[in-house]
């Protein structure tokens with residue numbers, strides 16, 4: 001067996017073993033609430049009219065339940081985090097949540113969704129950040145009904161983990177898509193980042209404040225990753241197919257810096273414990289150390305080859321590559337399970353001082 005593939009197998013085995021060991025004890029948090037886009041959507045878009053859906057093969061080819069709506073071959077980063085937190089089952093999509101399930105949390109994420117309401121509209125239905133927060137507010141009312149009173153519900157929620165991973169689509173399916181949106185010519189990168197963090201009312205930060213006002217105290221703000229290195233953007237902008245698109249990544253770094261400031265601001269509120277996960281740094285490390293991590297393909301998906309070839313996501317029943325654990329990307333946008341395991345693991349327990357600020361998720365859960 002090649003050394004690279006051996007390393008992947010060993011890492012996967014160690015992670016799987018660790019997940020099983022953690023799952024045998026009580027979860028480190030009573031519930032886990034997830035907000036985001038296609039990077040963590042696990043089925044909400046299956047229930048709406050949208051082009052942004054992944055409930056067909058080859059998506060889910062390595063997932064125990066088959067195609068579920070996850071935009072990868074297996075686990076997403078939040079699946080990995082949920083297991084490391086000790087949950088016996090994956091957090092269900094809110095659209096499929098019923099009864100007492102809400103006590104353990106829900107996944108509100110929606111593919112193609114952004115912070116801005118118009119983001120992703122060319123793909124049809126999606127649930128933007130505002131809509132996801134509204135769904136959470138409804139879920140809290142259900143939780144209060146189950147637990148009997150607001151004080152009990154507030155105490156329950158204060159122990160839960162919340163993760164918010166928004167912004168990728170605001171760049172890929174808005175700011176850097178001039179055929180559909182004028183934001184790229186209307187705003188400088190600095191100004192656009194400000195519209196995402198603190199625009200005219202109602203500002204997105206208000207949505208985060210709503211989460212706080214509805215009981216969220218342990219909140220993970222996941223930064224946008226190095227999407228200028230995705231196969232789709234390489235196909236659009238890179239002359240050699242290998243050089244990451246600096247103007248995209250530079251704009252994203254500005255947004256991430258603003259997000260760190262938002263974390264500091266929210267932590268000034270009583271009882272708040274907000275933290276920032278530097279997905280950009282983690283993904284940059286994966287790309288820089290691809291070979292030692294067992295990855296042999298860094299610039300192409302296992303299926304889906306980018307807009308220049310007219311294909312972004314996997315086609316239904318398309319035959320994917322056989323060496324998918326050696327691909328960083330599953331399709332033209334989304335990471336493979338192998339990459340998601342690394343991102344999820346480093347989000348939960350930081351391996352570099354730059355992975356999380358001011359703490360990783362394992363520390364947050366222990367507070």
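Within the range 263-286, track down each residue that is surrounded by fewer than 18 Cβ atoms within 10 Å (Cβ to Cβ) and out of contact with any strand residue (DSSP E or B) (no Cβ under 6 Å at 6 or more places or on another chain).
264, 265, 268, 269, 270, 271, 272, 284
Do the conditions hold for residue 69, that is, is it surrounded by fewer than 24 Cβ atoms within 10 Å (Cβ to Cβ), at positive phi and either in contact (Cβ under 8 Å) with a residue 12 or more places away in the chain or touching a helix residue (DSSP H, G or I) at 6+ places or on another chain (Cβ under 9 Å) (or both)?
no
Give the range 211-244 a look and list any residue that's under 26 Å from residue 134 (Cβ atoms) and either assigned to a loop (DSSP other than H, G, I, E, B) or out of contact with any strand residue (DSSP E or B) (no Cβ under 7 Å at 6 or more places or on another chain) (or both), or say none. Give the derivation first.
First, pick out the residues of the range 211-244 that are under 26 Å from residue 134 (Cβ atoms): 211-224.
Within the range 211-244, 212, 213, 214, 215, 216, 217, 223, 224 qualify.
Residue-by-condition table, conditions (1) modelled with pLDDT under 95; (2) in a loop (DSSP other than H, G, I, E, B):
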site: 132; (1), (2): no, no
site: 136; (1), (2): no, no
site: 146; (1), (2): no, no
site: 157; (1), (2): no, no
site: 162; (1), (2): no, no
site: 180; (1), (2): no, yes
site: 190; (1), (2): no, no
site: 200; (1), (2): yes, yes
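Within the bounds of the range 225-240, is there any residue that is touching a helix residue (DSSP H, G or I) at 6+ places or on another chain (Cβ under 8 Å) and without any contact (Cβ under 8 Å) to a residue 24 or more places away in the chain?
The answer is yes; a qualifying residue exists.
Give the range 30-61 a look and list any residue that's part of a loop (DSSP other than H, G, I, E, B), more than 17 Å from the chain's Cα centre (by Cα) and over 15 Å from residue 90 (Cα atoms), or say none.
Filtering the range 30-61 down to residues part of a loop (DSSP other than H, G, I, E, B) leaves 30-31, 37-43, 48-49, 51-61.
Restricting the remaining residues to those that are more than 17 Å from the chain's Cα centre (by Cα) gives 30-31, 48-49, 51, 55-58, 61.
If the condition is that a residue be part of a loop (DSSP other than H, G, I, E, B), more than 17 Å from the chain's Cα centre (by Cα) and over 15 Å from residue 90 (Cα atoms), then 48, 49, 51, 55, 56, 57, 58, 61 are the ones that fit.
Could you check residue 126 against (1) surrounded by 17 or more Cβ atoms within 10 Å (Cβ to Cβ); (2) in contact with a helix residue (DSSP H, G or I) (Cβ under 6 Å, 6 or more places away or on another chain); (3) not in a helix (DSSP H, G or I) and say which number it fails?
Just one mismatch for residue 126, condition (2).
Pairs only if they're at least six apart or on different chains, beta carbon under 8 angstrom, first in the range 166-184 and on the phi > 0 side of the Ramachandran plot, second part of a helix (DSSP H, G or I); list them, first residue then second.
167/196; 167/252; 167/255; 167/259
Looking only at residues that are part of a helix (DSSP H, G or I), over 25 Å from residue 325 (Cβ atoms) and at pLDDT 95 or above in the range 62-99, which one is nearest to the chain's Cα centre (by Cα)?
As a first pass, look at the range 62-99 and keep what is part of a helix (DSSP H, G or I): 77-84, 94-96, 99.
If we keep only those that are over 25 Å from residue 325 (Cβ atoms) as well, we get 94-96, 99.
Adding the requirement that they be at pLDDT 95 or above leaves 94-96.
Working: 94: 16, 95: 18, 96: 19 Å.
Per the stated criteria, the residue is 94.
The values are calculated or read from the model by the stated rules, or taken from the named source; none is laboratory data. Just so it is clear, the structure is predicted and the values come from calculations on it, not from any experiment. Using ideal geometry, Cβ is built from the backbone for each residue, glycine included, and neighbour counts are taken over all protein chains shown.
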